[in-house]
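Enquirer: This is the structure, below, for whatever I ask next.
The values are calculated or read from the model by the stated rules, or taken from the named source; none is laboratory data. Predicted model, so just to flag it, every value in this text is computed and none were measured. Ideal geometry is used to build each Cβ from the backbone, glycine not excepted, and the neighbour counts take in all protein chains shown. Only protein heavy atoms, including side chains, enter the accessible area calculation; ligands, DNA and RNA are left aside. Shrake-Rupley method; radii C 1.70, N 1.55, O 1.52, S 1.80 Å.
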Amino acid sequence: MRKKIAAGNWKMNTILDEGLKLASEVVHMAKDKSLSETTIIMSVPYTHIESVKKTIGNATNVFIAAQNCHQELSGAYTGEISAAMLQNLGVDCVVLGHSERREYYKETYAGVKAKTQIVLKHQMTPIFCCGEKLATREENAHFNLVKEQLSSSLFELDAVEFAKVIIAYEPVWAIGTGVTASDEQAQEMHHFIRDTIAKNYSDSIAKQIPILYGGSVKPANAQTLFSCPDVDGGLIGGASMDAQGFIDIAKSF
Ligand code: PGA
């Protein structure tokens, strides 16, 4: 059985007090018995990590993620945060290759690959984002693009390391737009991703990798999306900023 995962991506939102209020509400609501088998992740701004980690305390189903990290071990990279710094704070996962980073910070396949490797080396779980822009889908090139994103940044990992990765399929046209991929579109791409993994690694690895859907997931659409056989949960932006809404999504499996 693959894990069921609800991962909130807070992006550059909340000052510390607001973030701690949100985190403590999520941690409190996550104690609900119906969520004991669900993995809840909060991907918070760097400045919140240490305090949110304390708020999570010994909750067994709530985890903390960073939204990025630098690909080098350490050195003269003013303003950057290393994987070792995150590991040292007890970070569980790191979101990598988010489309906003690919777009605004020109992150390359090689850069995301290096980040994935350094995150794994520091015993954290990469949440690897992939997904196409609208124009790519309209050209019917979305499968090839996602395959290229996966193979350029992930497929050189050995099977043991690759099996630790979480994948998030986030069609760029659905992020923050209110337009969600249909269940069919999500399932079709998730199935394609799993199939691509099976071809590059093995059926058993393909079956165990969680593949999340991201892009305007809300309490109202989570249940149908999460009922797709290859959708193992969501990476949730806007709707994760409300504890009740986020927890409602986490209860949608
Ligand atoms: P959204 O963002 O849920 O606000 O569309 C998803 C994401 O960017 O991870």
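Enquirer: Under 18 Å between alpha carbons, and skipping anything fewer than 8 positions from Lys147 in its own chain: which aspartates and glutamates qualify?
Expert: Candidates past the 8-residue exclusion: Glu107, Glu132, Glu138, Glu139, Glu156, Asp158, Glu170, Glu188, Asp195, Asp203, Asp230.
Enquirer: In nm, to one decimal, how far is the modelled label at Glu148 from the one at Glu103, with both set 7 Å along Cα→Cβ?
Expert: Label-label distance for Glu148 and Glu103, simple model: 1.8 nm.
Enquirer: Restricting attention to the alpha-carbon atoms of segment 75-129, what are Rg (one decimal) and Dmax (integer), both in Å?
Expert: Considering segment 75-129 through its Cα atoms, Rg and Dmax are 11.1, 29 Å.
Enquirer: Please tell me which of these pairs span more than 18 angstrom C-alpha to C-alpha: Lys115/Lys164; Lys21/Lys53; Lys4/Lys199; Lys3/Lys121; Lys106/Lys199; Lys3/Lys33? Present the calculation step by step, with values, prior to reporting the outcome.
Expert: On the way: Lys115/Lys164 14 Å; Lys21/Lys53 13 Å; Lys4/Lys199 24 Å; Lys3/Lys121 22 Å; Lys106/Lys199 29 Å; Lys3/Lys33 16 Å.
As for pairs spanning more than 18 Å Cα to Cα, those are Lys4/Lys199; Lys3/Lys121; Lys106/Lys199.
Enquirer: Quick check: residue separation of Asp242 and Ala110 times 0.36 nm, minus the Cα distance between them. What number comes out in nm? Spell out each step's value before the answer.
Expert: On the way: separation 132, 0.36 × 132 = 47.52 nm, distance 3.48 nm.
Stretched out fully, the Asp242 to Ala110 stretch lengthens by 44.0 nm.
Enquirer: Taking the Cα centre as origin and putting +1 on Lys and Arg beta-carbons and -1 on Asp and Glu beta-carbons, what dipole magnitude results for the chain, to the nearest 20 debye? Spell out each step's value before the answer.
Expert: Details: 24 positive and 29 negative charges, 92 e Å.
That gives a dipole near 440 debye.
Enquirer: Principal axis extents for segment 4-250, Cα atoms only, whole Å, descending order, please.
Expert: Ordered largest first, segment 4-250 gives principal extents of 46, 45, 34 Å.
Enquirer: Contour minus end-to-end for Thr60 and Gln123, with contour as 0.36 nm per residue of separation and end-to-end as the Cα-Cα distance?
Expert: That works out to 20.9 nm of additional length.
Enquirer: Let me ask something else about it. Simple spin-label model, 7 Å along Cα-to-Cβ: Asn13 to His191 in nm?
Expert: Taking the two extended label points, one gets 3.3 nm.
Enquirer: Another question, then. Could you work out [θ]222 nm for the chain from helices alone, using -39500 (n - 2.57) per DSSP H run of at least four and dividing by all its residues? Round to the nearest 500 deg cm²/dmol.
Expert: Working: 12 runs with 108 residues, N = 253.
Calculated at 222 nm, the ellipticity per residue is -12000 deg cm²/dmol.
Enquirer: Please give the contour-minus-distance gain from Glu138 to Gln223: 0.36 nm per residue of separation, less the Cα-Cα distance, rounded to one decimal in nm. If you can, show how the numbers build up before the last one.
Expert: Numbers: separation 85, 0.36 × 85 = 30.60 nm, distance 2.69 nm.
Result: 27.9 nm gained on full extension.
Enquirer: Give the accessible surface of the chain per residue, rounded to a whole number of Å², with probe radius 1.4 Å and ligands, DNA and RNA excluded.
Expert: Each residue of the chain exposes 46 Å² on average to a 1.4 Å probe.
Enquirer: Where is the GNM fluctuation largest for the chain (alpha-carbon springs, 10 angstrom cutoff): Gly19, Gly75, Gly111?
Expert: Gly75
Enquirer: Next question, about the same structure. Less than 17 Å from a label point 7 Å out along the Cα-to-Cβ axis of Leu73: which backbone N atoms in segment 110-131 qualify, by residue?
Expert: Correct set: 114-124.
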